[in-house]
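So the structure is just underneath, and the comments pick up after that.
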Amino acid sequence: MNLVHTIAELRALLPEAGRCAFVPTMGNLHEGHLSLTRQAARHGLPVVASIFVNRLQFAPHEDFDRYPRTLQRDCELLEAAQCDIVFAPDERELYPQPQAFKVQPDPALGDILEGHFRPGFFTGVCTVVMKLFGCVRPKVAVFGKKDYQQLMVIRRMVEQLAMDVAIEAGETRRADSGLALSSRNGYLSDAQRAKAVELVGALRSLGVRYREAPHQRDRLEAQAIESLASRGWAPDYLTVRRRSDLGVPTDAGEPLVVLGAARLATTRLIDNVEV
């Protein structure tokens, strides 16, 4: 496996566009990332994983400075997961000048849910993903369903801008308890980690209750938020949405996803379940 830090080094290894499969990450890897890497390897192309903590998607009060940087360990894990190239640029390589040009997602998708509670987040995500696509020039890129809205925003960006890359979804990986694997789980104490499974439990319960009484969506969502808050969480949202566009459902029989974000002590967790 090759570790490269510059676009020139990457292009020397991959001189032709469209000749690799790509997994973008911010490092501090876990089995969820590695499953995406193995999924990418099934295309029979060289697999590139990027490791870059993107300042543009962090608000000033968020955890950019303390986000774990574990490059050596990440490289060891990626090599075992069939990765061929790790692209780990520093900020000066990816942003040699202040990034004045940015990609603004459709507000109907990018300003709701995560975009509402983290203003500018998806602008930062879209900008860095577009830039990474320009560096790596992949044929296919794999994103996890764990970040459901992010996956949809990236898909919409690729469609709208006619970008020549296929976006593939990887299933959410979970611990035996049901907790979705996340780099931010490392902030949790053992007791908090045991409690954190309550989030996915609340989402599953909301999905079941909505199917039984779809016309009471607002009340059911409010009850779910209140119940989680009563157990020591600080919820941002728990909501039932259409899978197609994250709009409010109008037909209880259509494919749906239940999404949630809540803070447990100082750690903000997100999760979702398709129903």
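The values are calculated or read from the model by the stated rules, or taken from the named source; none is laboratory data. Since the model is a prediction, treat every value here as computed from it, not as a measurement. As a convention, Cβ positions derive from the backbone with ideal geometry for all residues, glycine included, and neighbour counts pool all protein chains shown. Accessible surface is based on the protein model in full, side chains and every heavy atom, while ligands, DNA and RNA are left aside. Shrake-Rupley method; radii C 1.70, N 1.55, O 1.52, S 1.80 Å.
The residues neighbouring K139, those whose beta-carbon lies less than 9 Å from its own, together hold a net charge of +1 under the Lys/Arg +1, Asp/Glu -1 convention.
Going by average Cβ density within 10 Å per residue, which order do the peptides 182-190, 144-152 take, highest to lowest?
144-152, 182-190
Close amide H contacts of C20 (hydrogens built in the peptide plane, cut-off under 5 Å, sequence separation of 5 or more or a different chain): K139, V140. Across the chain, C-alpha contacts under 8 Å between residues 6 or more apart give a mean separation that, scaled by the residue count, equals a relative contact order of 18 percent. Here each label is just a point 7 Å from Cα along the line to Cβ, and for V275 and R66 those points are 3.4 nm apart. Using 12 Å as the cut-off for backbone N distance, which residues of the stretch 5-40 belong to the label zone defined by a point 7 Å from the Cα of D90 along Cα→Cβ? The answer is 5-6, whose backbone nitrogens lie closer than 12 Å to the label point. Rolling a 1.4 Å probe over the protein chains gives F52 an accessible area of about 10 Å².
Between E254 and A166, the modelled labels are 2.7 nm apart [label points 7 Å from Cα along Cα→Cβ]. Accessible surface for V273 stands near 20 Å², nearest 10, in the context of the full protein assembly shown (1.4 Å probe).
Once every DSSP H run of n ≥ 4 in the chain is given -39500 (n - 2.57) and the sum is divided by its residues, what mean residue ellipticity at 222 nm do you get, rounded to the nearest 500 deg cm²/dmol?
My calculation for the chain gives -11000 deg cm²/dmol from helical runs alone.
Using the 1.4 Å probe convention, the accessible area of the stretch 1-138 works out to 48 Å² per residue with neighbouring protein chains retained. Our coupling estimate for the stretch 172-178, obtained by passing each phi through the Karplus curve with A = 6.51, B = -1.76, C = 1.60 and θ = phi - 60°, is 5, 9, 10, 5, 4, 6, x Hz, Gly and Pro reported as x. The dipole here belongs to the stretch 39-81: it is taken about the Cα centre, uses +1 on the Cβ of Lys and Arg and -1 on the Cβ of Asp and Glu, and is about 80 debye. For the pair M1 and A265, the difference between a 0.36 nm per residue extended length and the Cα-Cα distance amounts to 91.1 nm. Take each peptide in 206-214, 122-130, count the other Cβ atoms within 10 Å of every residue, and average; sorted highest first, the result is 122-130, 206-214. Highest-first packing order for the peptide set 12-25, 61-74 is 12-25, 61-74, based on the mean count of other beta carbon atoms within 10 Å. Exactly which trypsin sites (Lys or Arg not before Pro) in the stretch 217-275 are in a DSSP loop and have at most 16 other Cβ atoms within 10 Å? In loop regions of the stretch 217-275 (DSSP not H, G, I, E or B), the sparsely surrounded trypsin sites (Lys or Arg not before Pro) are R231, R243.
In order along the stretch 130-138, phi translates into HN-Hα couplings of 4, 5, 5, 4, x, 6, 7, 6, x Hz, rounded to whole numbers, per the Karplus curve 6.51 cos²θ - 1.76 cosθ + 1.60 with θ = phi - 60° and x for Gly and Pro. Heavy-atom surface analysis with a 1.4 Å probe gives the stretch 85-184 a carbon and sulfur content of 51 percent of its accessible area. Treating r as the C-beta distance of D218 and H116 and R0 as 25 Å, the FRET efficiency rounds to 0.90.
Each part reduced to its alpha carbon centroid, the stretch 233-254 and the stretch 1-79 end up 31 Å apart. Summing Lys and Arg as +1 and Asp and Glu as -1 over all other residues whose Cβ lies under 15 Å from the Cβ of A80 gives a net charge of -3.
A probe of 1.4 angstrom, applied to the heavy atoms of all protein chains, finds L179 with accessible area near 10 square angstrom.
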